[in-house]
Amino acid sequence: MAMLRLDKLLADEGVASRKDLREMIRAGRVTVDGAVERPLDGERVGYRRFHYYMMDKPVGVVTATEDKRQQTVLDLLPPDLKRMGLFPVGRLDKDTSGLLLLTDDGEFAHRVISPKSCVKKRYYAEVEGEADEQDALAFSRGILLRDGTQCLPAELTLLGGGKCAVTVMEGKYHQVRRMLASRGKPVLALRRVSIGGLRLPDDLGAGGVRELTEEDLCTLFKA
């Protein structure tokens, strides 16, 4: 069995930086009691190999791990989560808000993003004009974008009042915006509300973050 350094294990849990943890270990402030629970200054820490979170991404924040000029989604995290090495699962563009997943599990991220997994992503859009049945039919057949990019069949639900819902199973660059624009319906506002069976809670709040439960992870792939 591969061995894992205690300072790395605790750093992965966001307890403190590895440098600070090494000092704490040398000072005798960390003890090990059993294979799973790690007490630290009286606080018990359960080790998990991977971590999964949801965020309500606000407009104006870029989906990236770092950016020298703009605020990123990782900049919104509390210090303990910043130390975990989380990264965004897919992308929401700067002007799009809503459900964004964060993890340190590359295999999980690939499964969510890959069209082969058939994980649906649902968005609410406000557009110029009014989407109609012909637009919905075009979406169901698969939109061909102006640059020649072919999109998989998608679902366009008409909500009236210049609003609609779009459900896709892939994540091409600015895909939903470009699909609607190709039908003469430029997007004024766009928000992702669900991934698979996992919906964004109404009470999370812009920039809010919550850890996913095992039930959440199962729900995500159920739909």
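The values are calculated or read from the model by the stated rules, or taken from the named source; none is laboratory data. Just so we're clear, the structure is a prediction, and the values are computed from it rather than from any experiment. Neighbour counts are summed over all protein chains in view; Cβ atoms, including those assigned to glycine, are modelled from backbone coordinates with ideal geometry. Surface accessibility is based on the protein's heavy atoms, side chains included, excluding ligands, DNA and RNA. Shrake-Rupley method; radii C 1.70, N 1.55, O 1.52, S 1.80 Å.
The table below gives the values:
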{"quantity": "Segment ASP80-THR149, length gained on full extension (0.36 nm per residue, minus Cα span)", "calculated": "20.8 nm"}
{"quantity": "Peptide ranges 88-98, 165-175, 68-78 listed from the most packed, as the mean C-beta count within 10 angstrom indicates", "calculated": "88-98, 165-175, 68-78"}
{"quantity": "Full-stretch length increase - THR157, GLN71 - with 0.36 nm per residue and alpha-carbon distance subtracted", "calculated": "27.7 nm"}
{"quantity": "Average accessible surface area per residue within the stretch 131-223, 1.4 Å rolling probe, Å²", "calculated": "53 Å²"}
{"quantity": "Accessible carbon and sulfur surface of the stretch 108-180 relative to its total accessible area, %, 1.4 Å", "calculated": "53 percent"}
